[in-house]
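Read-outs: derived from the displayed coordinates by stated rules, not from any lab. Computed from a prediction, not measured in an experiment: that's the story for all the values here. Heads up, the Cβs are rebuilt from the backbone with ideal geometry, glycines too, and the neighbour counts pull from every protein chain shown.
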Amino acid sequence: MRKKIVAGNWKMNLTFPEGIKLINDIIQGSESLSDVQLVIAPPFTYSHEASKILEKTNIGLAAQNCTNNEEGAFTGEISAKMLNSIGVKYVILGHSERRAYYGETDEIVNEKIKLALKYSINPIVCCGEVLPERENNEHFSVVAKQIKGMFYEITPKQVSNIIIAYEPVWAIGTGKTATPKQAQEMHHFIREAIQNSYGHEIANNLSILYGGSCKPSTAKDIFHKSDVDGGLIGGASLNADDFINIANSF
Ligand code: 13P
């Protein structure tokens, strides 16, 4: 059985005290949850403290990015090895904001995935089309190309430690959620692509999350689709009640 996962991507929001309060509120709210792996991705500067607070809980700690280099003279960068050393268990890679604002390519994401896996960090690998691509009916080919590039030379064994997040860019932060049908169609397509390269069992065990204006009011219909295994939540993950309500939507 594949894992149900609800992950909160805080992006560049909240001060340190606000972040610590949110973590404690989420811990409290999560006590009634079963069967769902919660993951939170605060900014790097809060990771170490978050790791200590989350240590005795079942909530996983993620980073929002890591560098595509092993170590050394890369001013301002954070490596997978560093994240591993403070107990970070997941890392979001290839987010559309990193692609759009920081020039991240599938090739760079592929290098990051390999380093994350080397240091026992589970990559949450993002894909998704922009609006003109959907309007031109190119969304499947765009996502197929992203998956192919990001999974270059990734072995079957490694895939079992990877989570995919489908985040249509036109749905991120816009309040315009994909319909459950649109999400299911794409998740099924992604699972088929993984099946074609890695076989049925690996594809069937892969968790594929939906992201893009996912709210407590919309999560239920999306999460009930057979190929949707949870969500990567932006704005709504900054409110503990909303985040927990989304995790209660399966
Ligand atoms: P929103 O939920 O704010 O649309 O953000 C989604 C996202 O980008 C998560 O990574």
Classify region 154-208: rounded, prolate or oblate, from the alpha-carbon gyration tensor (a ≥ b ≥ c, eigenvalue square roots; a/c under 1.5 rounded; otherwise prolate if a/b is larger than b/c)?
prolate
Pairs to check: 148/225; 3/225; 145/176; 181/215; 4/215; 176/220. Give those whose C-alpha atoms are more than 20 Å from each other in this structure.
148/225; 145/176
Pairwise FRET efficiency - residue 105 versus residue 181, Cβ, R0 = 35 Å, nearest 0.05:
0.70
Report the residues of region 81-116 in range of a label on residue 55: point 7 Å along Cα→C-beta, backbone N strictly under 14 Å from it.
85-88
What percent do you get for the relative contact order of region 19-149 when only Cα pairs under 8 Å and 6+ apart count?
20 percent
Give the shape of region 38-106 as rounded, prolate or oblate, defined through the alpha-carbon gyration tensor: a ≥ b ≥ c are the square roots of its eigenvalues, a/c under 1.5 means rounded, and otherwise the shape is prolate if a/b is larger than b/c and oblate if not.
oblate
Which of 30, 141, 213 ends up with the largest GNM mean-square fluctuation for the chain, with Cα atoms connected below 10 Å?
141
For the chain, what relative contact order do you get, as a whole percent, if you take Cα pairs closer than 8 Å and at least 6 residues apart?
22 percent
Extreme residue, positive dipole direction of region 4-113, given options 51, 36, 96 (C-beta unit charges)
36
Run the dipole for the chain about the Cα centre, Lys and Arg Cβ at +1, Asp and Glu Cβ at -1, nothing else charged, and hand back the magnitude in debye, nearest 20.
320 debye
Would you be so kind as to identify which of 207, 222, 68 lies farthest towards the positive end of the dipole of the chain, taking Lys and Arg as +1 and Asp and Glu as -1 on Cβ and the Cα centre as origin?
207
Find how much the distance from residue 130 to residue 81 grows on full extension, using 0.36 nm per residue of separation minus their present alpha carbon separation; answer in nm with one decimal.
14.4 nm
Shape call for the chain from the C-alpha gyration tensor, a ≥ b ≥ c root eigenvalues: rounded (a/c under 1.5), prolate (a/b greater than b/c) or oblate?
rounded
At the level of C-alpha centres, the distance separating region 145-215 and region 1-33, in angstrom, is 22 Å
For residue 215 and residue 188, what is the calculated FRET efficiency with R₀ set at 22 Å and r taken between the beta-carbons, to the nearest 0.05?
0.45
